[in-house]
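Peer 1: Sharing a structure with you now.
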Amino acid sequence: MNRNTPGARANDHRTTDVLVVGAGPTGLMLGCLLRHHDIACTVIDQRDTIDPRTRAVMVHAAGLEILDALGLRTAVEDRGVRQTRIDFHTRHEALFTVDFTGLDTAFPYYVNVPQPEVEAVLADRFTATGGRLLRGLRYTGHQEDEHGVTARTVADDGPHTLTARHLVGADGASSAVRTALGIDFPGITYPMSYLLAEGAPLLPADPDASAMYIGPAGAVSLLPLPQGTVRIAGPVSPEALDRNSEPSTRHFQETVDTLGFGPTLRFERVDRIAHYQVHERLAERFTHGRTVLAGDAAHLNSPAGGQAMNTGFGDAWALAWRLAALLTGPPAPLLADYDRERRAAAAEVARTTGVLGLLDAMRRATTQAARSSVQESLTGYAEAWSQLYLRYHPTPAPDATPPGAAPAPDATTRHPPLPARTGHRLHPGARVPGHRPEPGHHTWLHLPGATPDQTHLPPATRTAELTPTQRAWLPTGATAVLVRPDGHVARTLPTDPDTTTAGATAETEKEAA
């Protein structure tokens, strides 16, 4: 068993505030955020080293804002490729684009960076700030009482026991923590196989854009990666391949050639080839007593839009301040709020990544009017995929596609266009794009000259003026918003502080307390 300090054993550090199972992007991000809150945290993983395979790739603007708050954005960007748009190409030479350059953030782009590189950056920061990373340690179960959690683990040198006040299962799609809790993971598995290859392309890729190439019966994405390499992946194989089979380079290339884009999708050198199946699943709940699920252990969705790593980062961002509050303050139902909000967020991600109907509409768009209609239907995708404009609702939006529901062929007409940023308003639950909260503190964002009524604000609330863009997002009659430590609006404040707080529900008042 390995640890960040050579020769250390798990039993040298048996007790911690938060024990995280899984040293992937979600678990390590949570660990870094908890250390940012000065909370003792141990992260364990059954692997001895970082998995070198490139799995998730895209880091979107909301994730970049979180990394920037930790001082890690530059380190991650230096290991990746900055991208400003996603282009969709069809056989009849139509081009549709999702452009990220107009987003309300200091980082109006996304970065294609291999997941192992992100994990390395996070692991270095986590251990450098006093986090304990124990590798080669496999979780086998746990018990819980009113004082905390006792986790059973096993390593090469035998069993180990670790205790914590809270346990987080961030151990991936086959989560042992979720299984131990008996939490169902309903949803669907797409029937077709997705093929994936990485290496040096025959033709250079556009350095500013990822792309999707849509053929008559399939589609692949082409993602530029560092050192001039690319990833080509997608549902180009109509059959479900044997999970244990190894597709050949020739089989991959012949299959991709059927899309009809010739040398654009050919490799000069293939470094890695694989196939996989796509799952769309949502855990029936994200919390159980003192135990919480996050990342792929809690939700799975289509790879469209590159949402997996970003949704895990969102889980960590939403969970870290709540755990810090529970560990340092009075009891509060914050984990129940995490369950409600992040399950709804995962359901919304499933809706925005269910693009099979959209791709079919692109295939059929052979007239200028049809192409204009399809491009219009892409309105809001940059906002949704950036995750900057996420709004938590008391209940999931009624038009959200339930995870597990098969995408309909007419999905682009069945769902209205996604909301544009011009309609974004700072109602309770809305995220404040570009806002950088201080760890553990609420922020009172106000119009110039507005004076806060301290009796209506949580202790140690920070204050700052609204930016011109944020002022345009204020609901009618509001002069300020109280922003939670995760950057979401707890409540709006009206012009007259003696009047009823505008837009505040009992739930948001409770969260602000």
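The values are calculated or read from the model by the stated rules, or taken from the named source; none is laboratory data. For clarity, every value in this text was computed on a predicted model and none was experimentally measured. Note: ideal-geometry Cβ built from the backbone for every residue, glycine included; neighbour counts use all protein chains shown. The accessibility values were calculated without ligands, DNA or RNA, using every heavy atom of the protein model including side chains. Shrake-Rupley method; radii C 1.70, N 1.55, O 1.52, S 1.80 Å.
Peer 1: Name every residue in segment 127-136 that is part of a helix (DSSP H, G or I) and in contact with a strand residue (DSSP E or B) (Cβ under 6 Å, 6 or more places away or on another chain), in order of residue number.
Peer 2: Thr127 - this is the single residue of segment 127-136 that is part of a helix (DSSP H, G or I) and in contact with a strand residue (DSSP E or B) (Cβ under 6 Å, 6 or more places away or on another chain).
Peer 1: Looking only at segment 342-363, count every residue that is in contact (Cβ under 8 Å) with a residue 60 or more places away in the chain, part of a helix (DSSP H, G or I) and under 30 Å from Asp486 (Cα atoms) and tell me the total.
Peer 2: Final tally of qualifying residues: 6.
Peer 1: From the list Gly440, Gly423, pick out the single residue that is on the phi > 0 side of the Ramachandran plot and either within 23 Å of the chain's Cα centre (by Cα) or at pLDDT 80 or above (or both).
Peer 2: Exactly one of Gly440, Gly423 is on the phi > 0 side of the Ramachandran plot and either within 23 Å of the chain's Cα centre (by Cα) or at pLDDT 80 or above (or both), namely Gly440.
Peer 1: How many residues, within segment 259-285, are surrounded by 22 or more Cβ atoms within 10 Å (Cβ to Cβ), over 20 Å from Val230 (Cα atoms) and in contact with an Asp or Glu (Cβ under 8 Å, 6 or more places away or on another chain)?
Peer 2: Of the residues in segment 259-285, 1 are surrounded by 22 or more Cβ atoms within 10 Å (Cβ to Cβ), over 20 Å from Val230 (Cα atoms) and in contact with an Asp or Glu (Cβ under 8 Å, 6 or more places away or on another chain).
Peer 1: Name the residue, out of Ala369, Ala344, that is open to solvent by 10 Å² or more (accessible area, probe 1.4 Å), closer than 26 Å to His393 by Cβ and at pLDDT 90 or above.
Peer 2: The match here is Ala344.
Peer 1: Another question about this same structure. Restricting to segment 79-109, count the residues that are in contact with a Pro (Cβ under 8 Å, 6 or more places away or on another chain) and in contact (Cβ under 8 Å) with a residue 60 or more places away in the chain.
Peer 2: Of the residues in segment 79-109, 11 are in contact with a Pro (Cβ under 8 Å, 6 or more places away or on another chain) and in contact (Cβ under 8 Å) with a residue 60 or more places away in the chain.
Peer 1: Of all residues in segment 418-468, which are touching a Lys or Arg at 6+ places or on another chain (Cβ under 6 Å) and either of a type in the set (Asp, Glu) or without any contact (Cβ under 8 Å) to a residue 24 or more places away in the chain (or both)?
Peer 2: Glu438
Peer 1: I need the full set of residues from segment 85-104 which are closer than 26 Å to Leu72 by Cα and surrounded by 19 or more Cβ atoms within 10 Å (Cβ to Cβ), in order please.
Peer 2: The answer is Ile86, Phe100, Leu103, Asp104.
Peer 1: Hey, another quick one. Residue under question is Pro216, and the condition is that it be farther than 30 Å from Arg79 by Cβ and over 24 Å from the mean Cα position of the chain (by Cα); does it hold?
Peer 2: Working: farther than 30 Å from Arg79 by Cβ: yes; over 24 Å from the mean Cα position of the chain (by Cα): yes.
Judged against the criteria, Pro216 is a match.
Peer 1: Is there any pair with a first residue in segment 281-296 that is assigned to a loop (DSSP other than H, G, I, E, B) and a second that is polar (S, T, N, Q) whose Cβ atoms are under 7 Å apart and which are 6 or more apart or on different chains, and what are they?
Peer 2: Within 7 Å, the pairs are Ala294/Thr26.
Peer 1: Can you name every residue in segment 141-158 that is touching a residue at least 40 places away in the same chain (Cβ under 8 Å) and not in a loop (DSSP other than H, G, I, E, B)?
Peer 2: His142, Glu144, Val149, Ala151, Thr153, Ala155
Peer 1: Which of the residues belonging to segment 75-84 are surrounded by 17 or more Cβ atoms within 10 Å (Cβ to Cβ), outside any loop (DSSP other than H, G, I, E, B) and in contact with a strand residue (DSSP E or B) (Cβ under 9 Å, 6 or more places away or on another chain)?
Peer 2: Val76, Glu77, Val81, Gln83
Peer 1: Now for a different question. In segment 47-74, what residues are surrounded by 18 or more Cβ atoms within 10 Å (Cβ to Cβ), closer than 19 Å to Gly172 by Cα and touching a strand residue (DSSP E or B) at 6+ places or on another chain (Cβ under 7 Å)?
Peer 2: Thr54, Val57, Met58, Val59 - these are the residues of segment 47-74 that are surrounded by 18 or more Cβ atoms within 10 Å (Cβ to Cβ), closer than 19 Å to Gly172 by Cα and touching a strand residue (DSSP E or B) at 6+ places or on another chain (Cβ under 7 Å).
Peer 1: Of all residues in segment 437-488, which are crowded, with 17+ Cβ neighbours inside 10 Å and charged (D, E, K, R)?
Peer 2: Hits for segment 437-488 are Arg484, Asp486.
Peer 1: Name the pairs whose Cβ atoms lie under 8 Å apart, with the first residue in segment 364-387 and part of a helix (DSSP H, G or I), the second of a type outside the set (D, E, K, R) and open to solvent by 60 Å² or more (accessible area, probe 1.4 Å), and 6 or more positions between them or separate chains?
Peer 2: These pairs meet every condition: Glu376/Pro417; Ser377/Pro417; Glu383/Pro419.
Peer 1: If the Cβ limit is 7 Å and pairs must be 6+ apart or interchain, which residue in segment 315-334 that is under 14 Å from Ala294 (Cβ atoms) and among the small types (Gly, Ala, Ser) pairs with which residue that is part of a helix (DSSP H, G or I) and open to solvent by 10 Å² or more (accessible area, probe 1.4 Å)?
Peer 2: Ala316/Thr26
Peer 1: Within segment 286-319, track down each residue that is open to solvent by less than 10 Å² (accessible area, probe 1.4 Å) and β-branched (Val, Ile, Thr).
Peer 2: If the condition is that a residue be open to solvent by less than 10 Å² (accessible area, probe 1.4 Å) and β-branched (Val, Ile, Thr), then Thr291, Val292, Thr311 are the ones that fit.
Peer 1: Please determine, by comparing only the residues of segment 170-194 that are touching a Gly at 6+ places or on another chain (Cβ under 7 Å), part of a strand (DSSP E or B) and closer than 23 Å to Gly24 by Cα, which one is most open to solvent (accessible area, probe 1.4 Å).
Peer 2: Selected residue: Gly187.
Peer 1: Glu198 passes all but one of (1) surrounded by fewer than 20 Cβ atoms within 10 Å (Cβ to Cβ); (2) under 21 Å from His251 (Cβ atoms); which number fails?
Peer 2: (1)
Peer 1: Okay, moving on. Of all residues in segment 86-106, which are in a loop (DSSP other than H, G, I, E, B) and touching a Phe, Trp or Tyr at 6+ places or on another chain (Cβ under 9 Å)?
Peer 2: The answer is Arg91, Ala94, Phe100, Thr101, Leu103, Asp104.
Peer 1: Kindly evaluate Gly434 against the criterion of being surrounded by fewer than 20 Cβ atoms within 10 Å (Cβ to Cβ), over 21 Å from Asp68 (Cα atoms) and either more than 30 Å from the chain's Cα centre (by Cα) or not aliphatic (A, V, I, L, M) (or both). It would help to see each step written out before you state the result.
Peer 2: Working: surrounded by fewer than 20 Cβ atoms within 10 Å (Cβ to Cβ): yes; over 21 Å from Asp68 (Cα atoms): no; either more than 30 Å from the chain's Cα centre (by Cα) or not aliphatic (A, V, I, L, M) (or both): yes.
When the stated conditions are applied, Gly434 does not pass them.
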